[in-house]
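Asker: Before I ask anything, here is the structure I am working with.
Read-outs: derived from the displayed coordinates by stated rules, not from any lab. For clarity, every value in this text was computed on a predicted model and none was experimentally measured. Glycine also receives a Cβ, built like all others from the backbone with ideal geometry; neighbour counts cover every protein chain displayed.
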Amino acid sequence: MVAPDSEQLTVRIHTKPALHILEARLPLGLVASINDHIDAVRMRANDYSHELVGQIRRNRQSAQLELDLKDAKPAALAGVITQIADQYVKLHGVHGSVTANDMWSVHSYEGDYNPLHDHGSNTNLGLSSILYLMVPPIIAAKPEVQGAPRLFMASGNCDGFTQFVWGAHGGKDLSLLRHPTHEYVKPEVGKLLIFPNWLLHSVDPFFGDGERRTLSCNMDVDVPSSVG
């Protein structure tokens with residue numbers, strides 16, 4: 001296109017991101033090691049599923065188990081996650097000390113779900129993470145989704161997925177040129193997600209055999225106050 005004064009007309013789109021979610025892939029050997037540890041301590045770990053807003057108790061094995069960060073394997077995994085989280089905050093221009101303050105595993109079966117919620121921290125800036133440890137075949141077979149899929153007539157394509165929500169959204173978003181303010185993530189073994197702890201997220205129920213197992217870790221970010 002040529003402007004009347006014969007100068008070239010230029011156009012540029014300025015995209016304003018709402019947030020960043022970091023995704024990493026951990027070695028399957030590390031995943032197997034932490035699964036073995038969870039199986040070994042499963043009978044004696046504290047189960048907090050009865051305190052949840054969601055329904056993580058439809059199966060006799062459904063549970064949310066506290067993992068002791070003083071044990072060698074959870075401590076080692078926490079070290080890996082906090083190292084990755086440290087890079088995440090630095091990419092935002094923040095230089096602080098990242099430490100894990102608690103860790104737990106969630107064992108979900110057919111019909112279990114967890115509604116929208118966020119996480120707390122001991123510092124003003126906090127991070128949370130989700131690591132997928134086991135994925136039932138019915139979820140693994142579902143197609144990958146991109147961003148915010150259209151759910152009308154979706155036939156359960158997001159069953160068992162994790163949904164993240166950071167704003168109000170509705171069916172007319174596309175026609176109103178509004179960017180999506182929610183996203184669905186397909187669970188995959190070894191996939192690690194790190195995000196700000198204020199980010200609302202939920203887990204939809206799935207229907208089929210198998211265990212959906214995840215590990216979550218809350219992290220504090222101690223940012224030194226500026227001097228002068």
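Asker: Above 24 angstrom, tally the Cα pairs of the chain and express them as a % of all pairs, no decimals.
Answerer: 50 percent
Asker: PRE reach from Lys70 (point 7 Å along Cα→Cβ): which of segment 16-51 fall under 15 Å by backbone N?
Answerer: Once the point is set 7 Å along Cα→Cβ of Lys70, 45-46 turn out to lie under 15 Å by backbone N, inside segment 16-51.
Asker: Mind checking the log10 I(q)/I(0) for segment 1-75 at q = 0.13, 0.14, 0.21, 0.22 Å⁻¹? Debye, one equal scatterer per Cα, no solvent, two decimals.
Answerer: For segment 1-75 at q = 0.13, 0.14, 0.21, 0.22 Å⁻¹, log10 I(q)/I(0) is -0.64, -0.71, -1.04, -1.07.
Asker: Which distance in nm do the two modelled labels at Asp209 and Thr99 give, with both placed 7 Å along the Cα-to-Cβ direction?
Answerer: 4.6 nm
Asker: Explain nothing, just the number: relative contact order of the chain, from Cα pairs under 8 Å at least 6 residues apart, as a whole percent.
Answerer: 29 percent
Asker: While we're looking at this one, here's another question. When the gyration tensor of segment 67-133 is built from Cα positions, what are the square roots of 5 times its three eigenvalues, in whole Å, from largest to smallest?
Answerer: Ellipsoid semi-axes (Å, largest first): 24, 16, 11.
Asker: Compute the Cα gyration tensor for segment 1-127, then decide on rounded, prolate or oblate, letting a ≥ b ≥ c be the square roots of its eigenvalues: rounded whenever a/c is under 1.5, prolate when a/b is larger than b/c in the other cases, and oblate in all that remain.
Answerer: prolate
Asker: Let me ask something additional. Please give the net charge around Gly208, taking every other residue with its beta carbon less than 14 angstrom from that of Gly208, where Lys and Arg add +1 and Asp and Glu add -1.
Answerer: So the environment of Gly208 carries a net charge of -3.
Asker: Any chance you could give the angle, 0 to 90 degrees and rounded to 10, that helix 28-41 forms with the longest Cα principal axis of the chain?
Answerer: Roughly 40 degrees between the two axes.
Asker: Sticking with this one: Report the local net charge at Ala45: Lys and Arg +1, Asp and Glu -1, summed over other residues whose C-beta lies under 12 Å from its C-beta.
Answerer: Once positives and negatives cancel, what remains is -3.
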